Structure formats: structure tokens, C-alpha cells
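The values are calculated or read from the model by the stated rules, or taken from the named source; none is laboratory data. Please read these numbers as outputs of a predicted model, since none were measured by experiment. Because the Cβ atoms are built from the backbone with ideal geometry, glycine has one as well, and the counts that use them run over all protein chains shown. Protein only, heavy atoms only, side chains kept; ligands, DNA and RNA dropped before computing areas. Shrake-Rupley method; radii C 1.70, N 1.55, O 1.52, S 1.80 Å.
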Amino acid sequence: DAGVTQSPTHLIKTRGQQVTLRCSPKSGHDTVSWYQQALGQGPQFIFQYYEEEERQRGNFPDRFSGHQFPNYSSELNVNALLLGDSALYLCASSRTGSNQPQHFGDGTRLSIL
Amino acid sequence: AQSVTQPDIHITVSEGASLELRCNYSYGATPYLFWYVQSPGQGLQLLLKYFSGDTLVQGIKGFEAEFKRSQSSFNLRKPSVHWSDAAEYFCAVGATGRRALTFGSGTRLQVQP
């Protein structure tokens, strides 16, 4: 049973560019959340998708956007990249139900030059 | 707003010694509490969770945690640490298991032989 998978593993971009990160949830999971983890810090919640809609959003600018597809997979898009966007981006998935924990992928390491 | 404090940035213990990692949270209602572990270059693995009921919860790898509402704490414990336990540990709080999680800044555990 595959867990949460993310691609790519690593990515290098320059300031001003745009990037798309991808996530496939664990089998049986329908909710996908995205987190940003800067070096030496804990993850920070970006947003969550359920039924192909953004259900909850953290304190991130509109440059961060996302999408969820009918198969529950998800994309995170970041426009006009800044040096401060360099981080590990983590995807987490969960089942329906308030008592269902989130399971995390290994993340995408994004470096901005 | 919810918040999590992990007072210890770095802890070093000898292999075989006991371990306690501290976590204090701020939340207006009954919280959902979690401990995750992160090895270098990897995502987060769920160690254990507290939703309700028994305040002492057992997790994987021999870890346990105790929820103390009066102290707003959810400390992680292990009676005998193994070298493979060296990693970063994160405490998190949420409104439910599925909703946005707020993480602490983490505690890095080093295990001496």
C-alpha cells in the first residue's frame, strides 16, 4: 500500500519563476493538505483541499494556489518565486472523519537562486 | 489562535536512558494532539495521537505521551532510547485530525552511544 507520494524530490528555480509541485494521497484518502517547512522550523499550513475545493487556508499570499483532481491528487503552484520561498514543501493526506490523522509524504525540496 | 511551544531545541541522551520531550499548547477547546518524527531529508511520520478518552496514549516505536489539560501539556516519553531514535520531533495541535495542524518548532534528539 503506497503512502503519500510527492514529485519532484528536488527542484531549483530562480526568482520570479513559477513552480508546480505534485502530490498523490495515500490510497483511500480524500483530503490533501500542503505545508511549508523552512530550514530549522516546524511545518506551516498553506491550504487544504477536499472535494476539489480549497476548504481551509493558512496565512500565505495569493501567489500560492492549488488544485485537487477527481482522483484526489493535488498540485501546489507558486508564482513569482521569492528567495524566501526556499523550503521543504510537504503534502499530507487523510480520510474523511474528524478522528483521522494526516499522513505525510517525504516532501519536495525547493531552492530559489 | 492555537499555538505549540517546544521549549527544548536540542536534547542529548545516552542510549538506554529514558527520554521526555516537552510540549505545551494553547487552544480554546479540546485539542487534537499529535507527535510526529522527522529523519533527515524525509517527511513526517506519525508517532501517536490524542483525540479523547484515556490521557495516556501509546504510539509506535515504544513511545507514549500524556495529555494534561490542567498544564496544557502533551509530553512525549520513552523508557529506553535507541540510537535509531535520533531525529527531529514535532508536536502539533489541530481542531480535528483532518484540519490544519499547528506545529511547534521541533526538538532535535541526539543519542550518544
(Q) If residue B:52 meets every condition in (1) more than 9 Å from chain A (Cβ to nearest Cβ); (2) more than 26 Å from residue A:44 (Cβ to Cβ) apart from one, which number is that one? (A) (1)
**Q.** Complete set of residues in the stretch A:68-82 that are on the phi > 0 side of the Ramachandran plot and open to solvent by 60 Å² or more (accessible area, probe 1.4 Å)
**A.** A:72
Q.
So residue A:61 ticks every box in (1) away from chain B (no Cβ under 12 Å); (2) open to solvent by less than 50 Å² (accessible area, probe 1.4 Å) but one. Which box is left unticked?
A. (2)
**Q.** Output for the stretch A:1-29, where each listed residue is of a type in the set (D, E, K, R) and within 13 Å of chain B (Cβ to nearest Cβ)
**A.** A:26
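Okay, residues lined up against (1) farther than 18 Å from residue B:90 by Cβ; (2) surrounded by 14 or more Cβ atoms within 10 Å (Cβ to Cβ):
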{"position": "A:16", "(1), (2)": "yes, no"}
{"position": "A:23", "(1), (2)": "yes, yes"}
{"position": "A:53", "(1), (2)": "yes, no"}
{"position": "A:66", "(1), (2)": "yes, yes"}
{"position": "A:84", "(1), (2)": "yes, no"}
{"position": "A:87", "(1), (2)": "no, yes"}
{"position": "A:92", "(1), (2)": "no, yes"}
{"position": "A:113", "(1), (2)": "yes, no"}
Q) Here are some conditions: (1) in a strand (DSSP E or B); (2) within 28 Å of residue B:51 (Cα to Cα); (3) touching a residue at least 40 places away in the same chain (Cβ under 8 Å). Residue A:29 meets all but one. Which one does it not meet? A) (1)
Q.
I'd like to verify a number: residues in the stretch B:89-106 that are β-branched (Val, Ile, Thr) and open to solvent by less than 10 Å² (accessible area, probe 1.4 Å), how many?
A. 1
Q: Determine the pairs where a residue that is of a type in the set (Phe, Trp, Tyr), located within the stretch B:1-13, has a partner that is at pLDDT 95 or above and not in a loop (DSSP other than H, G, I, E, B) with Cβ atoms under 7 Å apart, the partner being 6 or more residues away or on another chain.
A: none
Q: Please tell me if residue B:37 is within 14 Å of chain A (Cβ to nearest Cβ), closer than 21 Å to residue A:98 by Cα and not small (Gly, Ala, Ser).
A: no
Q) Any idea which of (1) of a type in the set (A, V, I, L, M, F, W, C); (2) open to solvent by 30 Å² or more (accessible area, probe 1.4 Å); (3) over 25 Å from residue B:88 (Cα atoms) is the one residue A:11 doesn't satisfy? A) (3)
Q. Just one of the numbered conditions (1) under 30 Å from residue A:26 (Cβ atoms); (2) in contact (Cβ under 8 Å) with a residue 24 or more places away in the chain; (3) not β-branched (Val, Ile, Thr) is not true of residue B:56; which one?
A. (2)
(Q) Can you pull out every residue in the stretch B:55-83 that is open to solvent by 60 Å² or more (accessible area, probe 1.4 Å) and either within 14 Å of another protein chain (Cβ to nearest Cβ) or in contact with a strand residue (DSSP E or B) (Cβ under 9 Å, 6 or more places away or on another chain) (or both)? (A) B:56, B:58, B:60, B:61, B:68, B:71, B:77, B:79, B:80, B:82, B:83
Q: At least 3 residues that are at pLDDT 95 or above and within 13 Å of chain B (Cβ to nearest Cβ) in each: list the strands (runs of 3 or more DSSP E) lying fully within the stretch A:71-113 that qualify.
A: A:87-94
Q. Filtering the stretch A:30-51 down to residues that are within 18 Å of residue B:96 (Cβ to Cβ) and open to solvent by 10 Å² or more (accessible area, probe 1.4 Å), which residue is nearest to the other protein chains (Cβ to nearest Cβ)?
A. A:45
Q: Only residues that are facing chain A (nearest Cβ under 10 Å) and of a type in the set (Gly, Ala, Ser): list them for the stretch B:84-109, please.
A: B:92, B:94, B:95, B:97, B:100, B:104, B:105, B:106
